[in-house]
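Every read-out reported here was derived from the displayed coordinates using simple, explicitly stated rules and does not represent laboratory data. Quantities reported herein were computed from a predicted structural model and do not represent experimental measurements. Don't worry about glycine lacking a Cβ; one is built from the backbone with ideal geometry, like all the others, and counts go over all protein chains shown.
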Amino acid sequence: MGLEFAIDKEKCVHCGKCVKDCLVGIIEFDGDKTPRLTPDAEERCINCQHCLAICPTGALSIRGRKPENSEPVDRQQNPEKLLNLIKNRRSFRHYKPENLPAETLEKLKNMLNWVPTGCNNHGLHFSFIDDVEVMNEFRGYVNSELLKQLSKTPVRGIMNKFSRYKDAFLKGEDVIFRGAPHMVVASAPIDAPCANVDPIIALSYFELYAQSLGVATLWCGFAEACLLFFPELCDKLEIPENYKASYVMLFGPADVKYARSTQPDPVGISIVKKGAVQKIGLKQKIKRLFWNLR
Ligand SMILES: Cc1cc2nc3c(=O)[nH]c(=O)nc-3n(C[C@H](O)[C@H](O)[C@H](O)COP(=O)(O)O)c2cc1C
């Protein structure tokens, strides 16, 4: 198909920013100091579109993306508001049993196109349950399968993950899905360079954007475990072949309001000093390797 690289010569100011910022070095100047692609560009381009984004005069198009169709950068960022959102992001466990407006669901899905992925792989897949009726059917299936497992005595193996909530579950509480009307599962191609990290980044962005829109969310380790116990769920969710289901987020209209931020204990922070990198003994090396591989 080609990279459809085009320079509007009227607009190009020959600043070389596209040449300098190209991660894979496939843009060079021709004799007139006009940017052009190197002969191997097509195999090496990772479709990051930094050249399109950095051009100060909107002279550069690539892959059919024209600068006039990009969104301008808003320089009026509000870091205090963003920090307040981060501090007041909460895990919601009480939802109204109703669908979010279609427009809100669309906004949430659309945002996912911009989440960063390792090597710009962008192969993520998101399975949405965007209708409460479908969610209730899904919830019903999982809860009845879990009930069969948890009714066995003793509860075996991996099912012990649920043991803390077993009594509540047996009393009919929705301890897995917390009554949420919607759910999104992020999955990545098994051979993606950062398959374990990309979906988590995506859901982190999703959560913050959702909560900025007043939508409640919940990371759901229990639902993720259910995808492992009952792999047929991955087919129900239309997770593509050769994709690994990574994590689950529940979301929907909140049925509870939080009035203030929490006051967490401080995280561990170390400040690395000059000359800090030194050889370590074999025992320490093995320990470090063990911890890193966990
Ligand atoms: C990776 C991850 C998995 C989680 N899984 C669940 C879950 O399965 N069920 C649940 O009720 N809460 C779950 N939580 C929510 C945490 O328990 C929650 O972060 C904690 O209660 C603190 O509340 P906060 O997020 O409002 O600060 C999960 C959170 C994370 C980050």
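Things to note:
- Segment 134-202: GluC sites (Glu not before Pro) falling in loop per DSSP and having at most 14 other Cβ within 10 Å: Glu173
- Sequence-separation-based contact order of the chain, relative, with Cα cut under 8 Å and 6+ spacing, percent: 20 percent
- Helix-derived mean residue ellipticity, 222 nm - over the chain, DSSP H n ≥ 4, -39500 (n - 2.57), to 500: -9500 deg cm²/dmol
- When only alpha carbons of segment 1-143 are considered, Rg and Dmax amount to 21.4, 68 Å.
- Distances between placed amide hydrogens fall under 5 Å for Thr217 paired with Phe92, all partners being 5 or more residues away or on another chain.
- FRET E, pair Asp21, Val134, Förster distance 41 Å, beta-carbon r, rounded to 0.05: 0.40
- Multiplying the residue separation of Arg260 and Met159 by 0.36 nm and removing their Cα-Cα distance gives an extension gain of 32.8 nm.
- Convex hull volume per residue for segment 6-69, taking Cα atoms only, in Å³: 77 Å³
- With the Kirkwood sum run over all distinct C-alpha pairs, segment 230-294 has a hydrodynamic radius of 18.6 Å.
- C-alpha long axis of helix 132-150 to longest principal axis of the chain, angle in °: 50 degrees
- One quarter of the surface of the convex hull around the alpha-carbon atoms of segment 82-253 equals 10.3 nm², the direction-averaged projected area.
- Part-to-part distance (alpha-carbon centres) for segment 18-32 and segment 49-121, which is given in Å: 27 Å
- 12 Å beta-carbon shell around Lys87, net charge (K/R +1, D/E -1): +3
- Alpha-carbon centroid distance for the pair segment 257-280 / segment 193-256, whole angstrom: 27 Å
- Long-range HN-HN contacts of Tyr247 with modeled amide H, under 5 Å: Ala186
- For segment 223-228, putting each phi into the Karplus relation 6.51 cos²θ - 1.76 cosθ + 1.60 with θ = phi - 60° gives couplings of 5, 4, 4, 4, 5, 6 Hz, in residue order, rounded to whole numbers and with x for Gly and Pro.
- Base-10 log of normalised Debye intensity for the chain (one unit scatterer per alpha-carbon) at q = 0.07, 0.08 Å⁻¹: -0.41, -0.53
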